[in-house]
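The values are calculated or read from the model by the stated rules, or taken from the named source; none is laboratory data. Values in this document were obtained by computation on a predicted structure and should not be read as measured data. A quick note on method: Cβ atoms are made from the backbone with ideal geometry, for glycine too, and the neighbour counts reach across all protein chains shown. Protein only, heavy atoms only, side chains kept; ligands, DNA and RNA dropped before computing areas. Shrake-Rupley method; radii C 1.70, N 1.55, O 1.52, S 1.80 Å.
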Amino acid sequence: MGISSPSLSAILCTFNRAELLSQTLDSIIGQTLDRSNFELIVIDDGSSDDTRKVVQSYERRLPLRYAYQANAGLASARNHGIYRSQARLLLFLDDDDLCGPKLFEEHLKTHAQYPEDHFAVLGHVALDQALSRKPVLHYATEIGCYLFCYSNLKHGDVRDYPYFWGGCCSCKRKLLIDYGVFNPVFRFGCEDIELAYRLSKNKLKVVYNAQAVSTMVRDIPFDAFCRRLIRQGESQYVFSQLHPDPEVQKWTEMIGAEEEWQRIEPVYEAVIRSARELDRIANLKIELGLELDDVTLDLLHRAYRNAFRACKLRGIYNRRREELKNENDGYAGHARD
């Protein structure tokens, strides 16, 4: 790399979120890090909306490069960004987060303190204040830890691979080029932790910087969150099949999953309906300016917990069933030959 290479390559992958993308790009304009010290690489993963036009409107305001690819999923898009990057340090961004003014600067600061290639940095994602009042998002971030959860972290902590969280982490480019990038089999979910698991064999450690702040601004209603968790379950199954390590089996929640799904499957729809109705009532109360009492919260959180676990199990079962079908089809085709 030449002397003029930037200090940081920020990789922003996006798909059909043009409106949110413009907010993210606006937040990057406000970075305290001088624009000569970073580049922004936007990978458009097959969007059909105005994503390209939105990015083009920022070309004179940001040191950015844009690349389009046929839709292939988040892991593939991030790899595309990695190979287009020029800087020694890579920062992965999400297209539904607003970057705090010092985000880039804080990541660089922590990497300067931990210059060895095997150190990555985890930033802090906060939930937009308006969204934090949404019961399902409050539960997902503060209680169930389905999106992000920092309650057991303090600034400066050095953690292992399960804390390499895709859209708010940075790492040295050399670590990825030397030891592996994202596995493109993961279109959504687990792509970050599966990569980090492989990198852990080469001493990966993750340093938490609570001052490297970004803010999530996308609402995820109950039904959308359920669909997200089904996809997450599918990815966890794939992860578990790639790595038989007992540690991976535990992280992917595969131990006892088949038996648990057999118990839940007959009542799955009822579990989801019940949680959906409680979620509707809770949101209505909040819209009316009413507080949720302890009894209501307890019932709601139990309903969320049961529904979200059921969705993950359904995803695991869906992928397992698909795999068995493919195996049976293969056997049948071989027999006909």
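Quick grid of which residues meet (1) surrounded by fewer than 17 Cβ atoms within 10 Å (Cβ to Cβ); (2) under 30 Å from Gln129 (Cβ atoms); (3) over 18 Å from the mean Cα position of the chain (by Cα):
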site	(1), (2), (3)
Gly180	yes, no, yes
Pro184	yes, no, no
Phe188	yes, yes, no
Ile193	no, yes, no
Lys203	yes, no, yes
Met216	no, yes, no
Asp219	yes, yes, no
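On the stretch given as region 289-314, residues that are open to solvent by less than 40 Å² (accessible area, probe 1.4 Å) and either within 14 Å of Ser274 (Cα to Cα) or not aliphatic (A, V, I, L, M) (or both) total 10. Could you please let me know if Tyr114 is open to solvent by less than 20 Å² (accessible area, probe 1.4 Å) and assigned by TED's automatic domain parsing to the domain that holds Ser85? Criteria not met by Tyr114. Being hydroxyl-bearing (Ser, Thr, Tyr), over 26 Å from Arg187 (Cα atoms), in the same structural domain as Ala126 (by TED's automatic domain parsing) and outside any loop (DSSP other than H, G, I, E, B): is that true of Ser27 here? The answer is yes for Ser27. Mind checking whether some residue in region 279-300 is modelled with pLDDT of 95 or more, within 29 Å of Asp192 (Cα to Cα) and out of contact with any Ser or Thr (no Cβ under 7 Å at 6 or more places or on another chain)? No, that holds for no residue.
Quick grid of which residues meet (1) under 22 Å from Ser235 (Cα atoms); (2) modelled with pLDDT under 95; (3) part of a strand (DSSP E or B):
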position	(1), (2), (3)
Phe92	yes, no, yes
Phe104	no, no, no
Leu108	no, no, no
His111	no, no, no
Asp117	no, no, no
His124	no, no, yes
Leu137	yes, no, no
Glu142	no, yes, no
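Just a yes or no: is a residue in region 54-73 touching a Cys at 6+ places or on another chain (Cβ under 8 Å) and within 27 Å of His124 (Cβ to Cβ)?
No.
Going by what's in this entry, would Gln236 be described as surrounded by fewer than 22 Cβ atoms within 10 Å (Cβ to Cβ) and in contact (Cβ under 8 Å) with a residue 24 or more places away in the chain? The answer is no for Gln236.
Has region 233-246 got any residue that is polar (S, T, N, Q), under 12 Å from Glu194 (Cα atoms), outside the structural domain of Ala75 (by TED's automatic domain parsing) and not in a helix (DSSP H, G or I)?
no
Of the residues screened, Gly144 is one that is closer than 24 Å to Arg218 by Cα and among the small types (Gly, Ala, Ser). Within region 58-81, can one find any residue that is open to solvent by 40 Å² or more (accessible area, probe 1.4 Å), aliphatic (A, V, I, L, M), within 21 Å of Ala196 (Cβ to Cβ) and touching a residue at least 60 places away in the same chain (Cβ under 8 Å)? Yes, that holds for at least one residue. Annotation note: of Ala257, Ala212, the sole residue that is aliphatic (A, V, I, L, M), surrounded by 14 or more Cβ atoms within 10 Å (Cβ to Cβ) and closer than 24 Å to Asp117 by Cα is Ala212. Of the residues making up region 260-276, one or more are open to solvent by 40 Å² or more (accessible area, probe 1.4 Å), farther than 21 Å from Ile193 by Cα, among the small types (Gly, Ala, Ser) and in contact (Cβ under 8 Å) with a residue 24 or more places away in the chain.
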